[in-house]
Amino acid sequence: MYTSYGMEAIAIGYASALERDDVIAPFHRDMGAFLIRGFTPGEILAQYLGKRTGPSKGKDGNVHMGDLNRGVISFVSHLADNLPVATGIALAFKIRGERRVTFTGTGDGGTSRGDFHEAMNFAAVRKLPVVFFCNNNQYAYSTPQRLQMAIHDVADRAKAYGMPGEIVDGNDVAAVYLASTRAIARARAGEGPTFLEFKTMRMHGHSEHDPAKYVPRELLEEWKKKDPILKAEQLLNQLGYGADAYFHEIGERVKKEVEAGLEFAEQSPLPEGPEVLEGVFAEEAGSY
Amino acid sequence: MTTETVQRQQEVTYLEAISQALDEEMTRDERVFLMGEDIGAYGGAFKITEGFLQKYGEWRVLDTPLAESGFVGAAIGAALMGLRPVVEMQFADFISCAFDQITEVAAKNHYRWGAAVPMVIRAPFGGGVHGGPFHSECPEGWFFHSPGLKIVAPSTPYDAKGLLKAAIRDPNPVLYFEHKFLYRRIKAVLPSEDYIVPIGKADVKRAGNDISVITYSAMVHLALEAAQVLAKEDIDMEVVDLRTLIPLDKETIYGSVRKTSKAILLHEDNKTGGIGAEIAALLAEECFDYLDGPILRIAPPDTPVPFSTPLEEYFHPKTSDIVSAARKLAAY
Ligand SMILES: Cc1ncc(C[n+]2csc(CCOP(=O)(O)OP(=O)(O)O)c2C)c(N)n1
C-alpha cells in the first residue's frame, strides 16, 4: 500500500485547481485527487479489499482506480506509462477543439523512464493542453535521487523539451494550487504543457511494509517540521479561516466517514470466481 | 469497352485496399484519425497515406516524433476519450518499442476498470523482401499471448479492406498485421459498396477433403500454390485462412480438421511458441479422435530473419515444404 504521508498537499493542491471536466491521470500517492473527484471512502476501501463494490470490481487493487465519468484515469503500475496516455487525452481535447486540460505526473524515479520523455516531447511539439508534475520525494523505493539522475532539480528536464519547468514547494498546498492554476491556465490558452517539480519528502516507507532504514533520521526530522497538513492549518489560521476546534471537528467528521466506509467495504461481497472471465473485451466504447 | 477491361480497371492492390479502407472510414467517421512516423507530407514509408494530409489536415493525419511507446500511449489516451486512432508502425519490427503500452496499458484497461480502448495499430510485417533482422519480423506471437488484444492478418485485398474497417469500428485495441510482400503483388476487384469482414471469422480459401492447411497472411498464397501441385497427385488440400488470430475461429478450424482428419499448421513466425503450436494443442485437445496422422508444423527455424538472399530463402517456408508435408500425411 502506497501512502502519501508528508505529501498530502500535492494531490489536494493540483486537483483543486482543475475544472470538473478536466481529466486527471494521478500518481500512486495521490489519494487526495480521488477524494476530490468524489471517490468515497467506502469505494476506496472496497477496492483495497478486492470487493465487488470497488471501482475495479476486484479486478485490480490498490490505488489502481479509475472512472471516465469522473475524469480519473486508472493508474498503471509501470511507472510513467500513463504520461503518454495523458498526452493522448490532451490530444483528443485539441482535436475536438475543447478547452479541457489533462493533469498527470510521476515520481522522481518515474522520470527516468522513456515514456516520461516521450510524453513530454510529444506534448511540447504539439503544444498539447497537459500539465506534468513530478513529486520529488527524494527517494524511489530505496534509491536516492543522486543515483537516479545527475541533475539536482528534476525541473531541469523540462528544458530539453522546450517547456517551462517550475520548482514548487510541494509541502505548501497554496503554492501547489497556485503553480497548478498557472500551468493549467497556460495549457487551456493553447500555450502548451508545463512541468512542475513539487519538492517534498516521503515520510513513510516506499510501501507500508518498508521500514525505510535507508533514509537518514535527521532528514526525516527536518521534513517533519514542514508537514503539509500542519502548514495548511497554520495558513488557514492566519487567514482567519479556522481555529483548532474547527480542525478537530473536521477530523472527527472524516473519522466517522472513514469508519462508515470501512463498514460498507467489509460488508460488501467479494466477487465470485467465474467473474474473472468477464470484461477482457469491450462491447462498446463511449465518449468522454 | 468489354466487361473484362472495366473489371481490370477496377482492380486494386492489397496496399490500395488498405488505403481505401482508411480513406472511407475517415470520411464516414470524423473521430477516426491517423498517427505515425512520416505519414503526413511523405505519405508513409509505403505510401499508404499519400494525399491524406491534404484531404484531412494535420490534426487527423498526425506526424509523430520517433517514439513508438509515446505515440501508442497517446493513441490509447485519445481512444479513452472516444476518438478512433489508427496508428501506423513504420515497420512491424518497431512495435517492440511500444510493447509495454500495448500489453500493459491498452490490453488491460477494459478488464481492469471498464475503460474501452478503440484503437488500431497497423503493422507492416513479414519477409521475402530482403529486409534483414529488423525489417522483416513477424511479431504477432508476442501479442497472441496477451489477453485483451484482437489480432488480424489479412491475405487478400478484399480481406485487407474489410478487416481494417472492422478493426476501426471495433471497441477494442486491434493489431492489424499487413504483409509487405503482398502490398503490390496481389490485386482484386473489390465491391463498390461499403463492407466489412467480421473479426473472428476464418475463411476457407480452398475447400478440400484430404488435408487441412491452417495458415494466415502471405502463407495463404503459398498454401494455395501447394494445393495446385498436390491436386495433380490426387491429394485434395483444404486451405483455411485464419484472417483473425485473436479471437481464433475455433469452429472453422475444428470443422475443417474433423472433415479431413489431417492438419498442417503453416506460418512465417518462428516455430517455437508460435500460433501453430497453440492450434496444434487445441487440435490435440478437441479433435484427437478425428486425427489420422500427426499434426505437422511448417514454420521458419528459431533464428532472426536473415538478410542475404540464400539465407532468407532457406529461412522461409516454401511451397515444396508444404507439398512434402502433405505427401507424408497422405500416407497415413
Ligand atoms: C517500470 C517500473 N519499474 C519498477 C516498478 C516498481 N516500483 C514501484 S514504485 C517504485 C519507486 C517509485 O519511485 P518514484 O517514481 O520516485 O515515486 P515514489 O514512489 O517515490 O512516489 C518502484 C521501483 C514499477 N512500478 N514500475
Hull surface divided by four, with the convex hull built on the Cα atoms of region B:4-189: how many nm²?
10.4
Excluding ligands, DNA and RNA, what is the solvent-accessible area per residue of region B:203-330 at a probe of 1.4 Å, expressed in Å²?
43
Just the number, please: carbon plus sulfur as a percent of the accessible area of region B:219-332, 1.4 Å probe, no ligands or DNA/RNA counted.
53
Those residues of region A:118-136 whose amide nitrogen sits under 20 Å from the label point placed on A:R182, 7 Å along Cα→Cβ
A:124, A:128-136
For region B:203-330, report the % of Cα-Cα distances exceeding 18 Å.
49
Take the Cα of B:S308, step 7 Å along the line toward its Cβ, and report every residue of region B:97-139 whose backbone nitrogen sits under 19 Å from that point.
B:128-136
Taking the full set of protein chains and a 1.4 angstrom probe, give the accessible area of B:Y332 in square angstrom, rounded to the nearest 10.
140
With eigenvalues of the C-alpha gyration tensor scaled by 5 and rooted, region A:48-159, Å
25, 23, 9
Counting as exposed only GluC sites (Glu not before Pro) in DSSP loop states with no more than 15 other Cβ atoms inside 10 Å, the longest exposed-site-free span of chain A is A:99-190
Roughly to the nearest percent, how much of the accessible area of region A:21-72 is carbon and sulfur, given a 1.4 Å probe?
54
Leaving out ligands and nucleic acids, note down the accessible area per residue over chain A with a 1.4 angstrom probe, in whole Å².
46
Would you compute, from DSSP H runs of 4+ residues alone, the mean residue ellipticity of the protein assembly as shown at 222 nm, taking -39500 (n - 2.57) per run and dividing by the full residue count, rounded to the nearest 500?
-11500 deg cm²/dmol
Looking at region A:175-236, which chymotrypsin sites (Phe, Trp or Tyr not before Pro) are in a loop (DSSP not H, G, I, E or B) and have at most 15 other Cβ atoms within 10 Å?
A:Y214
In region B:31-104, the trypsin sites (Lys or Arg not before Pro) that fall in loop regions by DSSP, at most 15 other Cβ within 10 Å:
B:K47
Report the Cα-based extents of chain A along its three principal axes, largest first, to the nearest Å.
51, 50, 40
Just grab the label-to-label distance for A:N62 and B:E11, each label 7 Å out from Cα along the Cβ direction, in nm (one decimal).
5.7
Just want the answer: with Cβ charges of +1 for Lys and Arg and -1 for Asp and Glu, which residue in A:L45, A:H117, A:S77 is farthest toward the dipole's positive end in region A:1-124?
A:L45
Heavy-atom accessible surface, probe 1.4 Å, ligands and DNA/RNA ignored: which residues of region A:77-100 lose at least 20 Å² versus the isolated chain?
A:H78, A:D81, A:P84, A:V85, A:G88, A:I89, A:L91, A:A92, A:K94, A:I95, A:R96
Give me the residues in region B:66-95 whose solvent-accessible area, probe 1.4 Å, is reduced by at least 10 Å² once all protein chains are included instead of the chain isolated.
B:A67, B:S69, B:G70, B:G73, B:A74, B:G77, B:A78, B:L80, B:M81, B:G82, B:L83, B:R84
Checking an interface number: how much accessible area is buried between B and A, summed over both chains, with a 1.4 Å probe, in Å² rounded to 100?
3500
For chain B, what is the Kirkwood hydrodynamic radius in Å, using each pair of distinct C-alpha atoms?
20.4
For region B:32-158, dividing by residue count, accessible area per residue (probe 1.4 Å) in Å² works out to 27
Return the distance in nm (one decimal) between the two label points of a simple spin-label model at A:L236 and A:A174, each offset 7 Å from Cα along Cα→Cβ.
1.4
Helical segments meeting 27 Å axial Cα length and Kyte-Doolittle -1.0 threshold in chain A (DSSP H):
A:244-267
Send over the semi-axes of region B:1-112's equivalent ellipsoid, whole angstrom and largest first, taken as the square roots of 5 times the C-alpha gyration tensor eigenvalues.
30, 15, 15
Taking R0 as 56 Å and r as the Cβ-Cβ distance between A:E221 and B:K271, the FRET efficiency 1/(1 + (r/R0)^6), rounded to the nearest 0.05, comes to 0.35
Taking every alpha carbon pair in the protein assembly as shown and sorting the distances into 20 angstrom bins from 0 up to the bin holding the longest one, the percent per bin comes out as 18, 45, 27, 9, 1
Any idea what the relative contact order of region B:203-330 is, in percent, if you count C-alpha pairs under 8 Å spaced at least 6 apart?
28
Residues in region B:56-83 near a label at A:V125, defined as backbone nitrogen under 15 Å from the 7 Å Cα→Cβ point?
B:58-75
Please figure out what share of the DSSP beta bridges in the protein assembly as shown is antiparallel and state it in percent, rounded to the nearest 5.
15
In region B:41-97, the chymotrypsin sites (Phe, Trp or Tyr not before Pro) that sit in a DSSP loop and have at most 14 other Cβ atoms within 10 Å of their own Cβ are B:Y42, B:W59
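The values are calculated or read from the model by the stated rules, or taken from the named source; none is laboratory data. Nothing here was measured: the structure is a model prediction, and the numbers come from that model. No Cβ is skipped: glycine too gets one built from the backbone with ideal geometry, and neighbour counts run over all protein chains shown. Side chains included, ligands, DNA and RNA excluded: accessible areas come from the protein's heavy atoms. Shrake-Rupley method; radii C 1.70, N 1.55, O 1.52, S 1.80 Å.
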